[in-house]
Amino acid sequence: METGVRIYNVEPLMEKGHLGAFDFDRSSSADSSDLYKPGLNKRLMRFVFSDSDHEQIGSVALSSMLHRSNLLAVVGGGVNPKFSEISVLIWDDARESRDPKDKLVLEFTFTKPVLAVRMRHDKIIIVLKNRIYVYSFPDNPVKLFEFDTRDNPKG
């Protein structure tokens, strides 16, 4: 999928929202019976990012959601990146603003590309090719740990 990001809820498995320029209809999807129970579409809790949000972020290489919250960690990449692959941006979708730039609340920048991001309620873990960073999160991030690792090209 080069044109967007889909965000899924795991239990029950359903799409929570999407960001991107793709169009789909679940009712006519060939695999909808595998993923969704009949009648579930009417009960979907769904949000869709606006076109201005998509222009603000560009294409995305990685994204990670903090549990079921409004915070997303986003790393630029893909065919039309707006941001560098060496930066992790924290997007707060609950912020009400007409300017999408106000939804970007934190940025972590490194010297090498970011390969993976994981978030917990109190920490964010950022993985590079041969280093792992652990920061306190989300209020006033402070670097807690920094580990050197063997080359890990897949993060």
Amide H within-cut-off set for V114, under 5 Å, with H built and near neighbours excluded: I86, S87
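Looking at the range 84-145, which trypsin sites (Lys or Arg not before Pro) are in a loop (DSSP not H, G, I, E or B) and have at most 13 other Cβ atoms within 10 Å?
Counting only loop positions with at most 13 other Cβ atoms within 10 Å, the trypsin sites (Lys or Arg not before Pro) in the range 84-145 are R95, R98, R120.
State whether the range 50-155 is rounded, prolate or oblate according to the following rule on the C-alpha gyration tensor (a ≥ b ≥ c being the square roots of its eigenvalues): a/c under 1.5 gives rounded; otherwise a/b larger than b/c gives prolate, and the remaining case gives oblate. Walk me through the numbers before you get to the answer.
On the way: a/c = 2.27, a/b = 1.37, b/c = 1.66.
Oblate.
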Any idea how far apart T109 and T149 come out in nm if each label point goes 7 Å out from Cα toward Cβ? 2.4 nm
Approximate spin-label separation R120-S136, in nm, with each point projected 7 Å along Cα-to-Cβ: 1.5 nm
Pairs of Cα atoms under 8 Å, at least six residues apart: use those to get the relative contact order of the range 50-155, whole percent. 17 percent
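Readers should treat all values here as calculations from the given coordinates under stated rules, not as data from a laboratory. Keep in mind it's a predicted model, so treat the numbers as computed, not measured. Cβ atoms come from the backbone with ideal geometry, glycine included; neighbour counts cover every protein chain shown.
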